[in-house]
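Written out below as structure tokens is the structure these notes cover.
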Amino acid sequence: MIDISPVFEATRRLSPGLTVAGLALAASLSWAPAASAADMMSWQAGCQFKSIPQSAGEAMRYDMCQRLQTCQRMADAGDRNIARIACFGFTPNAPAAARSTR
């Protein structure tokens with residue numbers, strides 16, 4: 001049978017150091033530069049596919065690009081259901097056509 005007490009003693013000795021390391025990591029991540037508006041729109045440049053990719057990683061990127069393009073089309077059309085499908089931060093690229101009132 002394995003004696004577990006040395007494992008717990010080692011954990012107790014390491015835990016203050018791990019706490020300090022975790023706090024240092026959290027502090028360094030909080031000082032990361034915020035994304036600018038230009039960075040947020042750069043997805044369009046990375047979504048230029050000539051065909052549907054065959055690898056799993058590229059297929060995931062393709063699916064995300066399709067979703068982003070759908071969100072942008074909904075924003076351009078002025079669809080009010082855009083937030084319902086979790087498309088946040090999209091603004092229309094072109095002005096909406098004049099709508100007739102009833």
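The values are calculated or read from the model by the stated rules, or taken from the named source; none is laboratory data. As the structure is a computational prediction, the values presented were derived from the model and not from experiment. Counting neighbours? That spans all protein chains shown, and the Cβs are built from the backbone with ideal geometry, glycine included. For accessibility, only protein heavy atoms count, side chains too; no ligands or nucleic acids. Shrake-Rupley method; radii C 1.70, N 1.55, O 1.52, S 1.80 Å.
For the range 43-83, the solvent-accessible area with a 1.4 angstrom probe is 71 square angstrom per residue. Sorting 72-82, 52-62 by their mean Cβ neighbour count within 10 Å, with the most densely packed peptide first, gives 72-82, 52-62. Summing charges over all other residues whose Cβ lies under 15 Å from the Cβ of Lys50, with Lys and Arg as +1 and Asp and Glu as -1, gives 0.
One decimal place: the segment Gln54-Thr70 gains 3.6 nm when fully extended, by the rule 0.36 nm per residue minus the C-alpha distance.
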